Amino acid sequence: MPKGDGDAFAAGPLHLLKMAVGASDLEHLRRSRAERTAQRGWSAVYTRNHPRRAAAVLDGGSLYWVIKGQIRARQRIVALHSERDDNGRAYCLIEVDEIVVPTLLRAFRPFQGWRYLPPSDAPRDAPGGPTDDAVALPEQMLAELRELGLI
C-alpha cells in the first residue's frame, strides 16, 4: 500500500516538526528555549499557520526539532493558541512543555514553517531520557550507530 497522508492517522498522536533555526546543537536549543521561556513566562513557539488537525496534535503530540539536518529532540505540545498581531494577521503560538527530550537521530531535509509528523515516522526518545549522556556522543558517531541499528 503506498504511503500517503492517510498514514498520519495511524495509532498514536500526530506530531509537528519544526526547524531549530540558529541552533548549533541540542544544548544550544535547550539554552535558547530556556531563555525564551524566562522572557515570556511560559514555553511557546511562534508559527504563522495554525494546524488544521489540531485535535490529533493535542491528543499527546510533540513538537520535534530538526537541528542541522537531523531530528534531535522533542517537546510535548500542551496547547495551540490562535492570536492576531497589531496588523490583524493571524498566527499560532504552540505551547510546549519546558522539558526538551532528546531523540534518536533521524535525517530530515530543510523546510520552512512546520510539517506534520506521523507517529510511525517519529524517532524514539534517546535512551535514558532528557539528561542521557549518550546524546553527548559526537553526532557523526550517533549517526553511524543508528545506521548500524545499534541505537
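The values are calculated or read from the model by the stated rules, or taken from the named source; none is laboratory data. Remember, predicted model here, so these are calculated numbers, not experimental data. Neighbour counts are summed over all protein chains in view; Cβ atoms, including those assigned to glycine, are modelled from backbone coordinates with ideal geometry. Calculation scope for accessible area: heavy atoms of the full protein, side chains included, ligands and nucleic acids excluded. Shrake-Rupley method; radii C 1.70, N 1.55, O 1.52, S 1.80 Å.
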Checklist entry - Has the stretch 54-70 got any residue that is within 19 Å of V21 (Cα to Cα), open to solvent by 40 Å² or more (accessible area, probe 1.4 Å) and either outside any strand (DSSP E or B) or at pLDDT 95 or above (or both)? => result yes
Next on the checklist: Please determine whether any residue of the stretch 84-106 is among the β-branched types (V, I, T), part of a loop (DSSP other than H, G, I, E, B), closer than 21 Å to P123 by Cα and touching a residue at least 24 places away in the same chain (Cβ under 8 Å).
Outcome noted: yes
Checklist outcome for this item: Note on the stretch 16-49: residues in a loop (DSSP other than H, G, I, E, B), of a type outside the set (V, I, T) and under 16 Å from I71 (Cβ atoms) are A20, A23, S24, D25
